[in-house]
Amino acid sequence: MVDLESEVPPLPPRYRFRDLLLGDQGWQNDDRVQVEFYMNENTFKERLKLFFIKNQRSSLRIRLFNFSLKLLSCLLYIIRVLLENPSQGNEWSHIFWVNRSLPLWALQVSVALISLFETILLGYLSYKGNIWEQILRIPFILEIINAVPFIISIFWPSLRNLFVPVFLNCWLAKHALENMINDLHRAIQRTQSAMFNQVLILISTLLCLIFTCICGIQHLERIGKKLNLFDSLYFCIVTFSTVGFGDVTPETWSSKLFVVAMICVALVVLPIQFEQLAYLWMERQKSGGNYSRHRAQTEKHVVLCVSSLKIDLLMDFLNEFYAHPRLQDYYVVILCPTEMDVQVRRVLQIPMWSQRVIYLQGSALKDQDLLRAKMDDAEACFILSSRCEVDRTSSDHQTILRAWAVKDFAPNCPLYVQILKPENKFHIKFADHVVCEEEFKYAMLALNCICPATSTLITLLVHTSRGQCVCLCCREGQQSPEQWQKMYGRCSGNEVYHIVLEESTFFAEYEGKSFTYASFHAHKKFGVCLIGVRREDNKNILLNPGPRYIMNSTDICFYINITKEENSAFKNQDQQRKSNVSRSFYHGPSRLPVHSIIASMGTVAIDLQDTSCRSASGPTLSLPTEGSKEIRRPSIAPVLEVADISSIQTCDLLSDQSEDETTPDEEISSNLEYAKGYPPYSPYIGSSPTFCHLLHEKVPFCCLRLDKSCQHNYYEDAKAYGFKNKLIIVAAETAGNGLYNFIVPLRAYYRPKKELNPIVLLLDNPLDDLLRCGVTFAANMVVVDKESTMSAEEDYMADAKTIVNVQTLFRLFSSLSIITELTHPANMRFMQFRAKDCYSLALSKLEKKERERGSNLAFMFRLPFAAGRVFSISMLDTLLYQSFVKDYMISITRLLLGLDTTPGSGFLCSMKITEDDLWIRTYARLYQKLCSSTGDVPIGIYRTESQKLTTSESQISISVEEWEDTKDSREQGHHRGNHRNSTSSDQSDHPLLRRKSMQWARRLSRKGPKHSGKTAEKITQQRLNLYRRSERQELAELVKNRMKHLGLSTVGYDEMNDHQSTLSYILINPSPDTRIELNDVVYLIRPDPLAYLPNSDPSRRNSICNVTGQDAREETQL
C-alpha cells in the first residue's frame, strides 16, 4: 500500500503561464480521467483572462509591471530632454523634431512594443461585443499616441527623431496605480480604505498635471526662451499656486495656449478631487479612523464600548482612569455606534485628551470594527450599559451581545462589564469583572436605612480624590473657612489599598499576631486602618476575620489610608522629636500627645495622627470623676497579640439573646414568627445565599396587599397593623428582582429581631397611598429613580419627576428621612432645594470652586449627599474603572454591602455614641475598646452637627418683634391712626395666624428707618422664618384633613420637626486623636459570629455562636 502511494505522481501545479499556453499534456498518456469543474477555462482566451484579470495575485503582478513600464517611459523622456542640446533659432521644426540617440530610441521602442502588446491583449480579453467601446477609451487612445509612432519608426528610419509626447504616459501610470491598489486590497483580503484611495488619486492627479505642464511648457518653449526642466517646474508651481511672480513667462502663442488649457483642466479636475477628499475626510471624522497595528503592538490601550457616549460618562471615565500614575501612558479607544456629538467632539479636541483618546464609530458586533480598535491587542475592554433607556432589559441584551462578540473575537482580552438587571448577570459570568447596577443600588439603599450615609461612604471609598494630587492642601474643602468641610474633605481622600505583609512597613512587624492586634496598632502608629486580608492560596477576601485570625507573612493586607504605602516616606521618632519639640506638649484640652511617625507624600510632610481640624472654642471632653461614674471603670483593656479563646463566648445563634428584655408572651410570639436560615428560593441566578431571618410559614399572596383586606385579616392601613418598629417605605416603579438585595440586608441574621423594621413597597405614591402606608410614622422612605422617566428629550431632565416628588414629600413631611436615588449626580443640588437659603448658596459657590480646581466629586459638600440622603448609581461607575488597577475593589464593596457572604468574613454595621460612652474621649481609645472587647474594627464616623449661628432664632424673633411693635405703635400714633383702625377691623375676621402673616406682609411693604446691615439681615431672616412656619402649618392642615377624610388617626404627625438646622457628614478613617462626640455614629466591620463555631465538637455545629444580642448591648454600653 505504501509502494502504490509512492508511485502516484504529484499533481502538476495549475495556472502557471506555461500550463496556460501548452495545456496539461502530462495527463494525455494517463488512464485516469481529469475532472474539470470550470469548463469555460478550457479555452485559451479563458486561461489568459484568468491569468491577466481574474486571478488577484497574477493580475497584481501584471499591473505592477505595467506601472513600471509607464514610469520607465517617462524617465526616458526626461533623460532625452536632459541630453538634448538646445538648438538656435525659432523655427517650428524644433517643435516636431528632436535629437534622440540610437540607444535611447531602442529602449523607447522596446517599451512601446511591450506596452502596445499588453494593451491590445487586455482589450481583447475584456472585449464584450462592442469594439468602439474598447477603442475610444482614453487609456487606449493615449497608448496608441505614445506607442505607434515608435513602432512606425522601425520601418521608416527617418521618423526616429519625430517628437512623441511620451510624458503623457504619466496618466497611464496613474491609471495603472489605481488598478494596482484595488488588486492589492483584493489580494490581501482587506476592505480598501476610501480615504487612502482618494488621497492617492488626488496626489497622483496633481503630480500628473504638474508633470504634463512642465514637459509641455519646456517643449513648446524650444522656439522661445529655451526653458529647461527646472525653469518649467518653477513656472508651473508659481502659476498653480496663484502667486505669479512674472519673472518666468511663456513667449510663444503655442505655449501660452497650452498654459491656458492646463489651467482650465486644473480648474475642472482639482475641485472635484478636493470635494471628494473633503467629503471623505468629514465622514472619517464622524466615524473615526483606525488604531494602527504598529501602535497597538508598541503602545498599551484599552477599549471602551458604549451604546451612546455622553459627556458626563466620558469625563467620569477619563478622570478616574487617568487618575492613576501608572496609566498615564495608556491610550483609550472608544468604540461607539453613534456619531460623536458636539460636546464630546469639543472635549476630545483638548490637547490633554486629543493625544490619548481615539474615537471610532462602529459596532462591537462587527469584526471589522473590532479589528479597527485592535481589540485582540487591548489591555482591557470596558462594556457599559445605557442606563438612560426606558427598556433597561433591552439595554442589557445589547450589552450581553457586545460581551459575547468581544469574547469571541479576542478571548484573552480582560472584560469589565456593567449590567443593569441582576437576572441578566449569569449570561456574562465569563467576564473578569461585572458590576450589576440594581444589586449595588438596592443594597446601598437598604444599608442607608440602618447605617446612615452608607452610599456616601462607599462612593468616597471607590473614587480617586483630586486625581494624582496627594498634597493635603490641594484636597477638597481645604480652602473653605468651615471646619467641618476641611475635616470632611481631608478624610474623603482615603482609599483602599493592598500590600503583601512581608513587604510592608505598616504590617510586617505583626506577623504571627492576631488580626485585631495588627489593625489597632497599625492605626495607632501609622494612622492606617487594616480592614481585611487574603491568604496566598485563597482567592477569597476576608473583612475583619476576627481576633482568632493569625497574620501570615504571605498574606495580602487591605487597608484604608490617604495614600498607598509605596508613596510614603518614613521618619523615625528621634527625627520627629527634633523637628517638633514645640508640639510635644499639650496644646489645650483638645490636644493629645502625638504617637505617630510622619508620612511624607510627594513634597509635603503630613502627620497622619493629626488630620482633623478642631475649633479652639469647641467643647472639650474629660475623664469622668469617680463620684459621677462609680459604676464604670474608666480604663480600656489592651488588645491581645493572640486572642484568648476563653474570652470568646460561643452560644446558639438560632436563639436570639436580644429578646431577653421582652415579656414571655412577646418572646414566645417572636420565636414562633421568625426563624434563621437561608432563603428557600432565589429570584435570579447568581445571587449569593445569605443567612437571614425568615418566617416559619409562607404568607398568602392576598395578605401582602397593605391597603386591601382579605379573608385572613381586615387591615387596610399600616396603623391598623400595630407595628412595633417604624416602617421603611420603598417607592419604586416596579417590584423587580433587585428588591431582593434590599430586603436581605434588612433581614440579616446578625440584626436583632426586635430591631427588624417592616418594609412597605409603594408602587405608586399619591398622597392617599402615602398616608395609608404609614408615612407619618416611617423611619425612612426610599425613593428609587423611575425607569420610565430616565429617557427624556433633555438628558438632565430625567430626574425632574423624582426631584419634584421628593421635594413635595419634604414639604409635607419635613420630619421624614427621605433617601433618594437620582440618575445624574449634577441634579443633587436640587434636593431639599431652598431658593433663599444663604448657606445653600455658599455651598453652591464652593462646589463651583472645587470643580474649577479639578475635583472629581465637586458635589460632595452638598448637604443631602454628605448626609447620605441622596446618591446616584452613576457614581459607582468608578468602581468598575478602578478595578482595572485594583482588581479587589468589587469584591470588597460587595462584602461591605452584604451582596456576598464569605465564611469568616465580617460585615458592615454601626453603633451610636451615647453619653455613657463619652469617657472614651478619642477615636484611638474607641478603636482599642472595640478591638479588645468585641473584635470590631471601626472605619469611620458619621457626625451630625447643628449649624452654628451667632444669635439664636428665638433671640432674633424676640428682638425683632419688640423693635417692630415699638416702631409700629409710634407710626400708628402719629401718622396712620385711621389706617390702623381699618386694618384691625379687617383682621378680626381672620385667625390669629393669618392676622400675624398679614401684619408681616404689610410691614414688608413699608420703608423702615435706617438701621445697620446686620440688624436688617436678622429681620429679613426672621420674616422668612415666620413665613415658612405659616406655610408649614397650612400644609399640616392639608395633610391632617386628608387623613381625617381617609379615616386615619392624626396622632404622631409632627409637621414642625425638621433637620434644617443640622448638617451631617462622614469622616473616613479619622486620625487617632479625633474627639468623639455625642450622637456620633461609628461605622464598624464586625467579625462573622459564624466563624467562632467550634470545629472539635460536631454536636455543636447546629449551635452557632450568637453575639447579636450581646453586640446590641455593646452598642450602647462600651
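Overview of results
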{"read-out": "Angstrom value of the Kirkwood radius, inverse mean 1/r, which spans all Cα pairs in the stretch 260-373", "value": "16.0"}
{"read-out": "Peptide ranges 355-363, 485-493, 724-732 listed from the most packed, as the mean C-beta count within 10 angstrom indicates", "value": "485-493, 724-732, 355-363"}
{"read-out": "The stretch 255-414 - percent relative contact order, Cα under 8 Å, separation 6 or more", "value": "26"}
{"read-out": "Sum of side-chain charges, Leu202 neighbourhood, beta-carbon under 12 Å (Lys, Arg +1; Asp, Glu -1)", "value": "-1"}
{"read-out": "Equivalent ellipsoid, the stretch 832-951 (semi-axes from 5 times Cα gyration tensor eigenvalues, Å)", "value": "31, 26, 12"}
{"read-out": "Stretchable slack from Glu299 to Arg705, in nm (0.36 nm times residue separation minus alpha-carbon distance)", "value": "140.1 nm"}
{"read-out": "The stretch 675-773 shape via C-alpha gyration tensor axes, a/c threshold 1.5", "value": "prolate"}
{"read-out": "Loop chymotrypsin sites (Phe, Trp or Tyr not before Pro), the stretch 677-775 (other Cβ atoms within 10 Å of the site Cβ: 12 or fewer; DSSP)", "value": "Tyr681, Tyr714"}
{"read-out": "Cα gyration tensor category, rounded, prolate or oblate, for the stretch 384-462 with a/c compared to 1.5", "value": "prolate"}
{"read-out": "√(5λ) per eigenvalue of the Cα gyration tensor, the stretch 44-179, largest first, Å", "value": "31, 15, 13"}
{"read-out": "Taking the convex hull of Cα positions in the stretch 791-842, its mean projected area over all directions (nm²)", "value": "4.2"}
{"read-out": "Computed label-point distance, nm, for sites Tyr715 and Glu697 using a 7 Å Cα→Cβ extension", "value": "1.7"}
{"read-out": "Pairwise label distance in nanometres, Tyr681 with Asn85, each label 7 Å out on the Cα-Cβ vector", "value": "10.9"}
{"read-out": "Surface accessible to a 1.4 Å probe, per residue, for the residues of the stretch 151-274, Å²", "value": "51"}
{"read-out": "Separation in nanometres of the label points that stand 7 Å from Cα toward Cβ, at Ser68 and Ile311", "value": "5.7"}
{"read-out": "Tail weight of P(r) past 12 Å, computed on alpha-carbon pairs of the stretch 209-258, percent", "value": "57"}
{"read-out": "At most 12 other Cβ within 10 Å, DSSP loop - GluC sites (Glu not before Pro), the stretch 418-466", "value": "none"}
{"read-out": "Added length on full extension, which subtracts the Cα-Cα distance from 0.36 nm per residue, Ile114 to Asn805", "value": "240.2 nm"}
{"read-out": "Mean Cβ count within 10 Å, highest first, over the residues of peptides 518-531, 808-821", "value": "518-531, 808-821"}
{"read-out": "Nearest-0.05 FRET efficiency for Lys912 and Ser946, computed from C-beta distance (R0 22 Å)", "value": "0.80"}
{"read-out": "Estimated vicinal HN-Hα couplings, Hz - the stretch 219-229 in sequence order (Karplus 6.51, -1.76, 1.60; Gly, Pro = x)", "value": "6, 5, 8, 5, 9, x, 7, 6, 6, 8, 5"}
{"read-out": "Scaled radius of gyration (Cα, divided by 2.2 N^0.38 Å) that the stretch 359-425 gives", "value": "1.11"}
{"read-out": "Shape of the stretch 119-275, Cα gyration tensor, a/c cut at 1.5", "value": "oblate"}
{"read-out": "Other-chain or far-sequence residues with amide H under 5 Å of Val760's (modelled H)", "value": "Ile728, Ile729, Val730"}
{"read-out": "Interchain or long-range residues, amide H under 5 Å from Leu304's placed H", "value": "Val333, Ile334, Leu335, Phe382"}
{"read-out": "Span from the the stretch 809-851 Cα centroid across to the the stretch 114-177 one, whole angstrom", "value": "82"}
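The values are calculated or read from the model by the stated rules, or taken from the named source; none is laboratory data. Computed from a prediction, not measured in an experiment: that's the story for all the values here. Cβ coordinates were reconstructed from backbone atoms using ideal geometry, including for glycine residues, and neighbour counts include every protein chain displayed. Remember, those area values only see protein heavy atoms, side chains included, never the ligands or the DNA or RNA. Shrake-Rupley method; radii C 1.70, N 1.55, O 1.52, S 1.80 Å.
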